[in-house]
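J.: Okay, here's the structure, questions in a sec.
Please treat every number below as a calculation from the coordinates, not as lab data. Model, not experiment: these values are computed from the prediction. As a convention, Cβ positions derive from the backbone with ideal geometry for all residues, glycine included, and neighbour counts pool all protein chains shown.
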Amino acid sequence: MRYRATVAYVGTFFHGWQVQENAPRTVQGTLEAALSEVFGHSVRVHASGRTDAGVHAEGQVIHFDDAPLPCAAVRSATNRRLPWDVRFLAIEETNPDFHARSDATGKRYVYRFSREEVIAPRDALFLAPISRRADASRMARAAESIVGTHDFFPFSTFGTETETTIRTVARCDIREEGARLTIAIEADGFLRGMARAIAGTLADVGRGRLSPEILEEIFARGSKALVAPKAKPRGLTLEKVFYPFLDNIGHE
């Protein structure tokens, strides 16, 4: 039976999603170890995509195959074996042809900044500091240039392996709530490092270090040199993965 599951995790103490030879603690490895205990043999999980070390998820989607068992029981038994910073939110039976990565039509990432002088410890793992003078309206002007179909190569990490670096961004919203600034980006796909590079560049626009028109220049010149340093991973969360038979990008 093929299972489809939604997973949430705090990425702070994980070395990213993917199992790596020299990384002792990854999200994938932790989930596979717990599921293997439940089913009594090795279980391989496949995700909608990888998240980097320190990046969080509220709606990562995975699939795996194994013997048919009640989904609620699998979720409960596995969660009892998982550490505090990762949980299965839901597990359900799905179509045998469903694939968490190739069937995904888009994702929503959210980046959270705080202009507070002091970030409370309970929020420190999920908020990145930004200058108290950071201007949300400047960031919003720059964000308008991100929406649409562009070559996002300048925002990718060196060594990114993909057939094309062209992606379509459906939304890039800047939200201001008191001292906090949130960037919400929905796209049909993300290159490695893309969300953090966009967040870092928009942050420098907000700080006044870059002009709001810098995004247009980056796309026109295709230059990585114009892109600001990537924002810290702790502010980034994979909030949702979209599928054609479940959701439409841009809609709940």
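J.: Using every Cα-Cα pair within the stretch 90-129, state what percent have a distance larger than 13 Å.
T.: Above the 13 Å cut-off, the stretch 90-129 has 69 percent of its Cα pairs.
J.: Return the ratio Rg/(2.2 N^0.38 Å) for the chain, where Rg is computed over Cα atoms only.
T.: Numbers: Rg = 18.8 Å, N = 252, 2.2 N^0.38 = 18.0 Å.
Dividing the Cα radius of gyration by 2.2 N^0.38 Å gives 1.05.
J.: All other residues with a Cβ under 13 Å from the Cβ of residue 40 taken together, and with Lys, Arg as +1 and Asp, Glu as -1, what is their net charge?
T.: With Lys, Arg at +1 and Asp, Glu at -1, the neighbours total -1.
J.: For the chain, with the dipole built from +1 on Lys and Arg beta-carbon atoms and -1 on Asp and Glu ones, taken about the Cα centre, which of 56, 67, 31 lies farthest toward the positive end?
T.: With unit charges placed on the Cβ atoms, the residue in question is 56.
J.: Per-residue ellipticity at 222 nm for the chain, helices alone: DSSP H runs ≥ 4 residues times -39500 (n - 2.57), over residue total, nearest 500 deg cm²/dmol? Don't skip to the end; give the middle numbers.
T.: Details: 5 runs with 54 residues, N = 252.
That comes out to -6500 deg cm²/dmol.
J.: Can you list the trypsin sites (Lys or Arg not before Pro) in the stretch 199-230 that are in a DSSP coil and have 12 or fewer other beta carbons within 10 angstrom?
T.: Taking the stretch 199-230 and a limit of 12 other Cβ atoms within 10 Å, the loop trypsin sites (Lys or Arg not before Pro) found are 209.
J.: Counting pairwise Cα distances across the stretch 106-242, what percent come out greater than 22 angstrom?
T.: Within the stretch 106-242, distances greater than 22 Å cover 31 percent of Cα pairs.
J.: I need the fraction of alpha carbon pairs in the stretch 2-93 separated by more than 15 Å, rounded to a whole percent.
T.: Tail fraction, whole percent: 54.
J.: Counting other Cβ atoms within 10 Å, which GluC sites (Glu not before Pro) in the stretch 163-230 have at most 15 and lie in a DSSP loop?
T.: Sparse-neighbourhood loop GluC sites (Glu not before Pro): 163, 213.
J.: Taking chymotrypsin sites (Phe, Trp or Tyr not before Pro) that fall in a DSSP loop and have at most 11 other Cβ atoms within 10 Å as cut points, what is the longest piece of the chain between them?
T.: 159-244
J.: Find, among the GluC sites (Glu not before Pro) in the stretch 1-105, those assigned to loop by DSSP (not H, G, I, E, B) with at most 13 other beta-carbon atoms within 10 angstrom. Mind showing how you got there, number by number?
T.: Values: sites: 21, 32, 37, 58, 92, 93; in loops: 21.
Taking the stretch 1-105 and a limit of 13 other Cβ atoms within 10 Å, the loop GluC sites (Glu not before Pro) found are 21.
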